[in-house]
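Shown next, in structure tokens, is the structure this report addresses.
Quick note: the coordinates plus some simple rules give every number you see, no bench work behind them. Here the structure is a predicted model, which means the values were calculated and not measured. Glycine gets a Cβ as well: all are built from the backbone with ideal geometry, and neighbour counts include every protein chain shown.
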Amino acid sequence: MKAVIQSGNGGPQVLQLGEAADPEPGPGQLLVKVRATALNRADTMQRKGMYPPPKGESEILGLELAGEVEAWGDGVEGFSKGQGVFGLVGGGGYAQYALIDKDMAMPIPDGWSFAEAAAVPEVYFTANETVFVLGNLQPGEAVLIHAGGSGVGTAAIQMAHHIGAKVYFTAGSQDKIERATALGADAGINYKTHDFAEEINRLTGGEGVDVVEDFLGASYLSRNLSVLRPGGRLILVALMGGAKCEVDLSTVMRKRLQVFGSVMRSRSLEDKRAITARFQQRWLPPLIEGKIKPVIDSVFPLEEVVAAHEAMEANKNFGKIILSVD
């Protein structure tokens, strides 16, 4: 089969379209003819040699997919050849064929394109598990979502607005601020020109927010803690701003704050099945109804994977970057 192969660890140029062995479905697995997959920051980290796949998972990049059922292993029932499915995978999405666990494969809703389906799993699963499961965001509360123009950011903004929360976010350009605000946010902050902590205090009259969704880590930690209300929750989703720093823990104690960390890829299959089920129960219905929607920035053919990775690393995208697999 055709697949994206790495010639080594490094920049986007180490990726190229090549040949790989067709995967064989084992017990409880579906073999999917991939029609679309999507880029995630984890892909760029794996490409650099900083985020290896869990044991037993494909070395090929790609953590989500949409396509058609081609075959299945023992213990699989309820699927038919050619049926459209989408879902989260441990790896292998950047290829013509990939494997997915039967309990993580979701039927593609009527009217959805493969690109739309591929844009959903990673970001909506992540937003639900962080903002709503760990952060326990409730109607009427306030949330600060960093990287509001990212895939997770655009999903979380819509989800928080959908339940009736007050939504603030950061982004790096006026264009992204305007587009993210149109998704239902109450206010956006340009982190390149304004201190987000000062702006949150101004916007909230000094009260702060109940939940912060953060991708930066060390460089934002002190300010994130400062904008949380008493009993507030900080969720660390990524560490793009570093993993180590000094922090005044008296803030955590005085305001009774909670700090959570979250990763997706290294979690057990049982955890991922439960994550899939929680998403299907709470968020698939409003997605099908069009009350919230995946935001797609651009679609690249698989052979243009280098250009797709360059676009992500230049932080040009608003929403998801999709790879179309023909």
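Computed values, structure above
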quantity	calculated
For the stretch 192-215 versus the stretch 106-124, the gap between their alpha-carbon centres in whole angstrom	32
Square roots of 5 times each gyration tensor eigenvalue, C-alpha, the stretch 123-261, largest first, Å	20, 16, 15
Linear extension gain, ARG256 paired with GLU313, 0.36 nm per residue minus alpha-carbon span	16.9 nm
Mean Cα-pair separation over length for the stretch 123-261, i.e. relative contact order, pairs under 8 Å, 6 or more apart, %	21
Estimated 222 nm signal from helices in the chain, with DSSP H stretches of n ≥ 4 weighted -39500 (n - 2.57), rounded to 500	-7000 deg cm²/dmol
Residue among ILE200, VAL211, PHE169 farthest towards the positive dipole end of the stretch 152-211, charges placed on Cβ	PHE169
Separation of alpha-carbon centers, the stretch 175-191 and the stretch 28-46, rounded to whole Å	29
Burial ranking of peptide ranges 82-89, 116-123, 45-52, 64-71 (average Cβ count within 10 Å, highest at the top)	116-123, 64-71, 82-89, 45-52
Lys pairs, the stretch 4-126 - Cα-Cα below 26 angstrom, 8 or more residues apart or on other chains	5
Relative contact order of the chain, pairs being alpha-carbon contacts under 8 Å that are 6 or more residues apart, as %	18
Links that overshoot a 25 Å alpha carbon limit, given the list LYS255/LYS293; LYS166/LYS255; LYS176/LYS244; LYS166/LYS291; LYS255/LYS320	LYS255/LYS293; LYS176/LYS244; LYS255/LYS320
Stokes-Einstein D in µm²/s, Kirkwood radius over Cα pairs - the stretch 1-140 at 10 °C with 1.306 mPa s viscosity	101
Cβ crowding within 10 Å averaged over residues, with 277-290, 146-159 ranked highest first	146-159, 277-290
